[in-house]
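Remarks on the structure that follows.
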């Protein structure tokens, strides 16, 4: 029996060696030959910016709270009325943007932007995935690039949550990377192209990357809206999160964000951190923004997730769901963003 | 639970470890039977009752065979009841709506009006396979080929054994039941050959069949928009898809059973290299064709009652074989076309072939090409969603003309040629068996490397095996 177990274990180890020896180089080789998949919102918005970077001097990179909240025209109007005329703003917000994805996106902007680029505003990105289905998508696979591993680790370890939760996210990330390194599907996708080429992802660029939430309805968006409408009492409950005690230490996240701002500043850019109004994050992101400001250095933080400072932004009628404004709210916020960013920039920080 | 899913590997690892850790044959059978029910229940636990009922009836009918010789009438009655019961179960779940609708349509044609009676029944996975196995047990016991089992567990294990439960091979009671009398020995298991066979099956199913499926779906869903060469490619790709899908499943089933110590008969033997249709049916879905031969064609009289009766028996067997696959006129036509080819071939053989000099190698090549062409033509009816589409595709396939302008990607023709050459080479040199003969260290490394290579060509998203629907 022991001999049989030993034989089985040796065989399994040898099988594993054979597997890894072929899967990893094959996967990496095929990955290198695979372009960025055509991703909803991300691809058309990035391509549009790369095609005409000279049109914009200010780029906002962030999550759905950049995508649905930053109206370039309103930011420009707010800035102009505050004394910063002629800003040209581009919204490069993409829903579900995580840390490594945001780093990658900023790199793309810097590579394409050239001399015309003056200002880059980043957002506190979303935490990494918690479910297996989220780490095996085309998008997740692309960003499971081994070259982005340090960025993934930094994003996970800096996120203000308990150690077991971070360990769980790290495990999920490892599964995602293992899935990608196994190479599953890569050869098939390359050797057998679809019989009918799918239509490329498109996006209405008439608003420089902004989309009003609810202007295009999907079942998920409708469900979010319905949930918001059906639970008015939860709105008040969410507001009580602000200022409530939380034992999640935001220091590491603040340092993580400050490093990203430093990197942009070192390139001669006027960099800022934008903290969007977001009800479920009221106990976290406002503190993170303040922690960044408190760090040694001169960081510009547009911290709008503060009901006591911006009570007019927390009127329930402005909200589409618990995390996002509708268009009216987005315009109101954007005007303030432009105006405050200009004020900070004029105070000798540009 | 599919053989290519990660959860199957977990399930199998557990069952494999448990079975070989036990010494008692009885406990092994208990565990395997229980695991088989878990495996089946993973699809739809509601049908476990049905399979248990079929098993109980088979067991009771088998027990009736032990009645004394003087009770022959009772024995025959029991066997008849058992077979009718199995056929009713099959007919009710699989054919009721088809025959009811066909009756209504026929009555309408005759000028009568009949109301539609439709039963909203879900087709239980594998019902065609396990009912045929049940019939095999009842008939084999009453024919005296094997003895009736005293243990209900033995019958349950035979009918439910998970490697073959949902899509065959249809294992004969006389082949399988004697194997369960003694504890299987690990030393008798050809581990490397079995692992190699599983890998070959996995490759056929996941890397070839599943990659062909999207192209086939395109052609069969809208043939009129495609050029003639794309439609023909689509038909040939379906021939490749269904072969790799079903023989891949059979390879994995045979390998899985072998790793648990049980031998299943081969189900395929490079069928597309057949030089005639008769040869094709000796090499395609062997367990079904031999089942139909032994339990239907021969009892009908086979070729013992003259040419006319032989042809009728052939056609009856093939049409019923077509109907076995599903309740649709397309399957009946598919069976009819095969029956027709067999009749023509027999007649040719009787009247012409005996009087002319054989063509040798040229004849074999010509015969193989004609057989391949015909078999693929019949697949059109097997795959097409309805008769109209089938006829449209057949027209393009036969006349090489189509008004469509769309093309499948250019890769498909080199792929068809490449896979055909590989089919021949792997048959000629028995590549799978060669893999199984590599020494242990090299084998483990090679299978690891090949598994990695295969995984890269597995398209994302599982497709169920085609034969699960039967």
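The values are calculated or read from the model by the stated rules, or taken from the named source; none is laboratory data. Computed from a predicted model, the values in this text were never measured in an experiment. Backbone-built Cβ (ideal geometry, glycine too); neighbour counts: all protein chains shown.
In segment B:413-441, the qualifying residues are those that are within 9 Å of chain A (Cβ to nearest Cβ) and surrounded by fewer than 14 Cβ atoms within 10 Å (Cβ to Cβ), and the one that is modelled with the lowest pLDDT is B:440. Against the condition touching a strand residue (DSSP E or B) at 6+ places or on another chain (Cβ under 8 Å) and within 29 Å of residue A:279 (Cβ to Cβ), how does residue A:124 come out, does it pass? Yes.
Please work out if residue A:331 is modelled with pLDDT of 95 or more and in contact with a strand residue (DSSP E or B) (Cβ under 8 Å, 6 or more places away or on another chain). No; evaluated as a whole, the condition is false for this residue.
Residues that are more than 11 Å from chain B (Cβ to nearest Cβ) and outside any helix (DSSP H, G or I) were ranked within segment A:164-199; the one that is farthest from residue A:25 (Cα to Cα) is A:199.
Residue check: is residue B:364 away from every other protein chain (no Cβ under 14 Å) and out of contact with any helix residue (DSSP H, G or I) (no Cβ under 9 Å at 6 or more places or on another chain)? Criteria met by residue B:364. Taken over segment B:170-183, residues that are within 15 Å of residue B:27 (Cα to Cα) and either buried (at least 17 other Cβ atoms within 10 Å of the Cβ) or touching a strand residue (DSSP E or B) at 6+ places or on another chain (Cβ under 9 Å) (or both) amount to 1. As a summary of the residue check, residue A:52 satisfies the conditions (1) more than 14 Å from chain B (Cβ to nearest Cβ); (2) surrounded by 14 or more Cβ atoms within 10 Å (Cβ to Cβ) except for the one numbered (2). Does any residue of segment A:21-42 turn out to be in a helix (DSSP H, G or I) and either in contact with a strand residue (DSSP E or B) (Cβ under 6 Å, 6 or more places away or on another chain) or closer than 30 Å to residue A:86 by Cα (or both)? Yes, the conditions are met somewhere in segment A:21-42.
The lone criterion from (1) farther than 30 Å from residue A:56 by Cα; (2) in contact (Cβ under 8 Å) with a residue 40 or more places away in the chain; (3) not in a loop (DSSP other than H, G, I, E, B) left unmet by residue A:308 is number (3). Residues of segment A:131-179 that are touching a helix residue (DSSP H, G or I) at 6+ places or on another chain (Cβ under 8 Å), surrounded by fewer than 16 Cβ atoms within 10 Å (Cβ to Cβ) and over 24 Å from residue A:259 (Cβ atoms): A:131, A:132, A:134, A:175.
Note on segment A:107-130: among residues that are over 12 Å from residue A:58 (Cβ atoms) and out of contact with any helix residue (DSSP H, G or I) (no Cβ under 7 Å at 6 or more places or on another chain), the one that is surrounded by the most Cβ atoms within 10 Å (Cβ to Cβ) is A:126. Output the number of the condition that residue A:218 fails; it satisfies all remaining conditions of (1) buried (at least 17 other Cβ atoms within 10 Å of the Cβ); (2) under 21 Å from residue A:67 (Cα atoms). Result: residue A:218 fails condition (1) only.
Can you go through B:32, B:26 and tell me which one is over 27 Å from the mean Cα position of the chain (by Cα), closer than 24 Å to residue B:154 by Cβ and either assigned to a helix (DSSP H, G or I) or at pLDDT below 90 (or both)?
On the way: B:32 fails: over 27 Å from the mean Cα position of the chain (by Cα).
Residue meeting the stated conditions: B:26.
Filtered by the rule that a residue be in contact (Cβ under 8 Å) with a residue 24 or more places away in the chain and not in a loop (DSSP other than H, G, I, E, B), segment B:183-199 gives B:186, B:188, B:191, B:192, B:193, B:194, B:195, B:196, B:197, B:198, B:199.
Filtered by the rule that a residue be assigned to a loop (DSSP other than H, G, I, E, B), closer than 21 Å to residue B:284 by Cα and at pLDDT 85 or above, segment B:154-169 gives a lone residue, B:169. Scanning segment A:305-325 for residues that are under 16 Å from residue A:66 (Cβ atoms) and in contact with a strand residue (DSSP E or B) (Cβ under 7 Å, 6 or more places away or on another chain) gives A:305, A:325.
Only a single criterion out of (1) surrounded by 17 or more Cβ atoms within 10 Å (Cβ to Cβ); (2) farther than 30 Å from residue A:19 by Cα is not satisfied by residue B:456, namely (2). Would you say residue B:180 is within 14 Å of chain A (Cβ to nearest Cβ) and either outside any loop (DSSP other than H, G, I, E, B) or more than 18 Å from the chain's Cα centre (by Cα) (or both)? Judged against the criteria, residue B:180 is not a match. With respect to the conditions (1) away from chain B (no Cβ under 11 Å); (2) in contact with a helix residue (DSSP H, G or I) (Cβ under 9 Å, 6 or more places away or on another chain); (3) over 23 Å from residue A:66 (Cα atoms), residue A:202 falls short on a single one, namely (3).
Among the numbered conditions (1) under 21 Å from the mean Cα position of the chain (by Cα); (2) assigned to a helix (DSSP H, G or I); (3) more than 14 Å from every other protein chain (Cβ to nearest Cβ), tell me where residue A:216 comes up short. Every condition holds for residue A:216 apart from (2).
Yes or no: segment B:286-307 includes at least one residue that is in the same structural domain as residue B:362 (by TED's automatic domain parsing), in a helix (DSSP H, G or I) and over 19 Å from the mean Cα position of the chain (by Cα). Break it down stepwise before answering.
Kept after step one, since they are in the same structural domain as residue B:362 (by TED's automatic domain parsing), are these residues of segment B:286-307: B:286-307.
In the following step, the residues that additionally are in a helix (DSSP H, G or I) were identified as B:286-297, B:306-307.
Checking the rest, the ones that are also over 19 Å from the mean Cα position of the chain (by Cα) come to B:306-307.
Yes, segment B:286-307 has at least one match.
None of A:187, A:183, A:209 is modelled with pLDDT of 90 or more and under 30 Å from residue A:18 (Cβ atoms) except A:187. When residues in segment B:365-412 are screened for being closer than 23 Å to residue B:326 by Cβ and surrounded by 13 or more Cβ atoms within 10 Å (Cβ to Cβ), 19 of them pass. Do the conditions hold for residue A:27, that is, is it within 30 Å of residue A:107 (Cα to Cα), in contact with a helix residue (DSSP H, G or I) (Cβ under 9 Å, 6 or more places away or on another chain) and within 14 Å of chain B (Cβ to nearest Cβ)? Yes, satisfied.
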